Amino acid sequence: KKQILNVYGREADVIHPPVDTARFQVSREDKGYYLILARLIGYKGIDRAIKAFANLDRELRIVGDGTDRARLESMATANVKFLGHITDQEVLDQLASCRALIFPGEEDFGITPLEAHACGKPVLAYGKGGALETVIHGKTGIHFTHPTSDSLLAGLHKLEGSSWNADVIRKQADKK
C-alpha cells in the first residue's frame, strides 16, 4: 500500500494472498529445532540466520532450494541442516514439531509466517514489510530490528525468553 502511494500517488486497498489455514493443525510438539521455509536466494536473508546459529547449540533446519544453496551450505556449521525440497506432508510435519519459524528477509507479505501461526508456532521475523502485519511482536512472535545476524540472534534470545500461547497464535493466522 505504501509502495503504491509512493510510486503512483494513489491510495490502494490491501488484498492479502490466500493462506489455506485449514491444512494446518495447532501443534504443541516442540523438538527444539528452528525452521526456515524459503527459496534459497540472496534477498531472503538466510545467510544472516546461518551466521546467527554458527555459535549456538541449537539446530536450524532449512527447507527449500535455489541458486544460493551452495553458498549457504558452504557457510553453515554442523547444527544447520539443509533438507532441500520436501513434500507438502513433510513440510506440515516440520512445522508441527519445530520450536519456531525464522523469517529473516523482507517480503511484501510472506505466507510462511501465517502457515507457522496456523500450527500455533511463533515466528522470529525481520521487522520490515509484510511481517509487520502478520507477526504481532510479543504476541505471535518477535521482530528483530536490523538486517544483521546479531540482531536476529538478539531476537532469538527474546523469543526463547518468552512464553507463547498456540491458540492465540493460531487466531492470528485465521484473521488473514
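Among the residues of the stretch 148-165, is there at least one that is touching an Asp or Glu at 6+ places or on another chain (Cβ under 6 Å), of a type in the set (Ser, Thr, Tyr) and in contact (Cβ under 8 Å) with a residue 12 or more places away in the chain? Taking every residue of the stretch 148-165 in turn, none turns out to be touching an Asp or Glu at 6+ places or on another chain (Cβ under 6 Å), of a type in the set (Ser, Thr, Tyr) and in contact (Cβ under 8 Å) with a residue 12 or more places away in the chain.
When you scan the stretch 10-29, do you find a residue that is among the hydroxyl-bearing types (Ser, Thr, Tyr), in contact (Cβ under 8 Å) with a residue 60 or more places away in the chain and either part of a loop (DSSP other than H, G, I, E, B) or buried (at least 20 other Cβ atoms within 10 Å of the Cβ) (or both), even just one? For the stretch 10-29, residues among the hydroxyl-bearing types (Ser, Thr, Tyr), in contact (Cβ under 8 Å) with a residue 60 or more places away in the chain and either part of a loop (DSSP other than H, G, I, E, B) or buried (at least 20 other Cβ atoms within 10 Å of the Cβ) (or both): present. Where helices (runs of 4 or more DSSP H) fall entirely within the stretch 57-176, those with at least 3 residues that are open to solvent by 30 Å² or more (accessible area, probe 1.4 Å) and within 17 Å of Thr21 (Cβ to Cβ) are at 88-97, 166-175. What are the residues in the stretch 23-46 that are within 16 Å of the chain's Cα centre (by Cα) and over 16 Å from Val123 (Cα atoms), if any? Answer for the stretch 23-46, where residues must be within 16 Å of the chain's Cα centre (by Cα) and over 16 Å from Val123 (Cα atoms): Arg39, Leu40, Ile41, Gly42, Tyr43. For first residues located in the stretch 100-112 and free of Cβ contacts under 8 Å to residues at least 24 places away in the same chain, partners that are part of a loop (DSSP other than H, G, I, E, B) and crowded, with 24+ Cβ neighbours inside 10 Å and lie 6+ apart or on another chain with Cβ distances below 6 Å do not occur. Please go through the stretch 30-56 and give me each residue that is touching a strand residue (DSSP E or B) at 6+ places or on another chain (Cβ under 6 Å) and either open to solvent by 40 Å² or more (accessible area, probe 1.4 Å) or in a loop (DSSP other than H, G, I, E, B) (or both), ordered by number. Within the stretch 30-56, Tyr33 is the sole residue that qualifies.
The values are calculated or read from the model by the stated rules, or taken from the named source; none is laboratory data. Only a predicted model underlies this, so the values are computations on that prediction, with no experimental measurement involved. Every residue, glycine among them, receives a Cβ derived from its backbone with ideal geometry; neighbour counts consider all protein chains shown. The area values use the complete protein model at the heavy-atom level, side chains included, leaving out ligands, DNA and RNA. Shrake-Rupley method; radii C 1.70, N 1.55, O 1.52, S 1.80 Å.
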